[in-house]
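Participant: I'd like to ask you about the structure that follows.
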Amino acid sequence: MTLMAQSTTLSTKSPEPAKNLTELDELFGGSTCRWVSSPTHADYSKDPVNASLTAGQKIGFLREMLRIRRFEQQALKYYNQGIMGGFLHLCIGQESIAVGTSSLMNGHDEIITAYRDHGHALAVGMGMDECMAELFGKGTGCSKGKGGSMHFFAPDKHYWGGHGIVGGQTPLGLGLAFALKYKAVNGCAVCFLGDGAVNQGVFSECLNIASLWSLPIVYVIENNGYSMGTSLERSSAFNGPLAYRAKGYAIEAEICGGFHLYELRAKLGPAMARARAESKPSVLEVNTYRYYGHSVADANAKKYRTPEEIDHYKKEFDPITIWENQLLNENVITEEEITKLDKETKAEAEAAAEFGINSPWPAEETIFEDIYYEVDHQTEAGQTGRHFFSE
Ligand SMILES: Cc1ncc(C[n+]2csc(CCOP(=O)(O)OP(=O)(O)O)c2C)c(N)n1
Ligand SMILES: [Mg+2]
């Protein structure tokens with residue numbers, strides 16, 4: 001009883017009042033966290049990492065963001081019709097982060113992420129067919145239908161998944177960075193995690209080792225303000241940027257608006273370059289927003305956020321609209337060309353869904369292939385692979 005009463009008191013605790021923010025700024029010399037500061041439309045077009053981009057590259061970024069959004073919209077359609085099952089965590093609204101990051105990869109860099117992984121997979125060059133088939137649980141999927149939405153993998157594209165345990169990818173990412181340093185490869189590891197995952201103990205351990213051993217890793221915190229239905233102010237005791245926790249481990253930390261590709265590239269580019277050239281870790285916190293619920297099974301998706309909040313981000317900070325406007329202003333693209341691009345990506349997503357639906361299921365005799373399973377503590381369920389369903 002006492003414990004329950006205490007936890008109720010804790011969960012209703014308000015965030016620290018804004019008066020502390022000046023002190024924080026003085027302490028850390030940086031900006032403040034997302035629930036007290038709005039993202040901006042600052043201009044990073046002249047940054048060296050952006051100034052050299054060609055028109056073709058800029059249009060390519062738009063195509064990639066559109067591909068991710070159309071792919072996920074198709075997936076949502078079939079999920080809602082009951083044709084697709086399993087988990088489905090959409091990154092709609094967050095597309096710029098995956099595309100901006102992959103645009104900076106140099107062929108030796110490695111990336112790893114959590115379960116909200118479709119965007120990263122497509123951005124590194126995985127095909128829509130193999131990804132969609134995986135969502136349908138088909139044998140033609142990238143993980144042969146055994147991983148589903150949370151476990152897209154493409155090591156040949158330096159993409160190490162797709163992980164369902166919150167924060168579980170952070171030590172794996174550190175292992176990738178260690179391997180790069182050990183083998184003297186001029187690359188960096190980029191490990192994505194959410195604002196909720198920052199609170200997993202293992203992440204603190206990773207920061208300590210990353211700094212102690214000077215490993216070439218960039219932890220990118222995709223701060224969308226919520227971990228499932230829990231808002232940031234209810235999950236983080238420290239009422240400042242999450243990235244600043246890195247300062248406690250003598251690691252460079254930076255805050256970034258993730259809505260504009262120019263800003264993302266301008267902040268992430270130097271962190272990745274530092275990792276490659278000096279084998280130094282960094283933490284970059286990227287402000288972003290997801291339009292849909294935590295997953296498609298989030299029954300409370302519209303209860304813990306106001307419709308006004310969702311609309312605000314859609315209207316003011318949609319990464320695709322922002323990039324389209326940027327390219328229109330630069331005369332890099334016309335409205336007609338955008339419409340054509342959009343149609344092409346929609347058609348590609350539709351064709352991928354057809355491919356997934358028409359693909360065969362994995363054969364029953366392959367159920368134990370390509371997976372880890374217990375060899376001790378043998379049970380009947382373990383022998384037959386039927387843990388959840390009877391015939
Ligand atoms: C160790 C562990 N604890 C809890 C869960 C259940 N869970 C899945 S996602 C999630 C929220 C994580 O939020 P965040 O890190 O902000 O990522 P986002 O979903 O916003 O991308 C939780 C608690 C889990 N998968 N693993
Ligand atoms: Mg989150």
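Participant: Taking N300 as the residue in question, decide whether it is within 22 Å of C188 (Cα to Cα), of a type in the set (S, T, N, Q) and within 16 Å of ligand 1 (Cβ to nearest atom).
Facilitator: The answer is no for N300.
Participant: Could you give me the residue pairs with C-beta distances under 9 Å whose first residue belongs to the range 203-220 and is on the phi > 0 side of the Ramachandran plot, whose second residue is basic (K, R) and modelled with pLDDT of 95 or more wherever it lies, and which are 6+ apart or on separate chains?
Facilitator: The qualifying pairs are S214/K181; S214/K280.
Participant: Follow-up question, since we're still on this one. For the list (1) aromatic (F, W, Y); (2) touching a Gly at 6+ places or on another chain (Cβ under 6 Å); (3) in contact (Cβ under 8 Å) with a residue 40 or more places away in the chain, I need the number of the one condition that W160 fails.
Facilitator: (2)
Participant: Name every residue in the range 317-334 that is of a type in the set (D, E, K, R) and farther than 18 Å from V286 by Cβ, in order of residue number.
Facilitator: E324, E330
Participant: Just for the range 238-253: of the residues that are surrounded by fewer than 20 Cβ atoms within 10 Å (Cβ to Cβ) and either within 16 Å of ligand 1 (Cβ to nearest atom) or acidic (D, E) (or both), which one is nearest to H294 (Cα to Cα)?
Facilitator: Selected residue: F238.
Residue-wise test of (1) within 12 Å of ligand 2 (Cβ to nearest atom); (2) surrounded by fewer than 24 Cβ atoms within 10 Å (Cβ to Cβ).
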residue	(1), (2)
L193	yes, no
N199	yes, yes
C206	no, no
I217	no, no
S235	yes, yes
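Participant: Same structure, new question: Being within 16 Å of ligand 1 (Cβ to nearest atom) and not in a loop (DSSP other than H, G, I, E, B) is the filter; apply it to the range 303-316 and report the residue that is surrounded by the most Cβ atoms within 10 Å (Cβ to Cβ).
Facilitator: Top of the filtered list is Y313.
Participant: Still on this structure: S235 fails exactly one of the following numbered conditions: (1) in contact (Cβ under 8 Å) with a residue 60 or more places away in the chain; (2) within 12 Å of ligand 1 (Cβ to nearest atom). What is the number of that condition?
Facilitator: Of everything listed in (1) in contact (Cβ under 8 Å) with a residue 60 or more places away in the chain; (2) within 12 Å of ligand 1 (Cβ to nearest atom), S235 misses just condition (1).
Participant: Answer yes if at least one residue in the range 93-109 is assigned to a loop (DSSP other than H, G, I, E, B), within 16 Å of ligand 2 (Cβ to nearest atom) and in contact with a Gly (Cβ under 6 Å, 6 or more places away or on another chain), and no otherwise.
Facilitator: No: zero hits.
Participant: Tell me which residues, restricted to the range 245-267, are in contact with a Gly (Cβ under 7 Å, 6 or more places away or on another chain) and not β-branched (V, I, T).
Facilitator: Selection gives L261, E263, L264, R265.
Participant: Output the residue which, of all residues in the range 140-155 that are within 16 Å of the chain's Cα centre (by Cα) and under 18 Å from A297 (Cβ atoms), is surrounded by the fewest Cβ atoms within 10 Å (Cβ to Cβ).
Facilitator: The qualifying residue surrounded by the fewest Cβ atoms within 10 Å (Cβ to Cβ) is H151.
Participant: Scan the range 181-206 residue by residue and report those that are over 20 Å from R116 (Cα atoms) and away from ligand 1 (no atom under 16 Å from the Cβ).
Facilitator: The answer is K181, Y182, K183, A184, V185, N186, G187, C188.
Participant: Let me ask something else. Going through L232, L215, L207 one at a time, which residue ends up being closer than 18 Å to G258 by Cα and of a type in the set (A, V, I, L, M)?
Facilitator: L232
The values are calculated or read from the model by the stated rules, or taken from the named source; none is laboratory data. What you are looking at is a predicted structure, and each value in this text was computed from that prediction instead of being measured. Please note: Cβ atoms are built from the backbone with ideal geometry, for glycine as well, and neighbour counts cover all protein chains shown.
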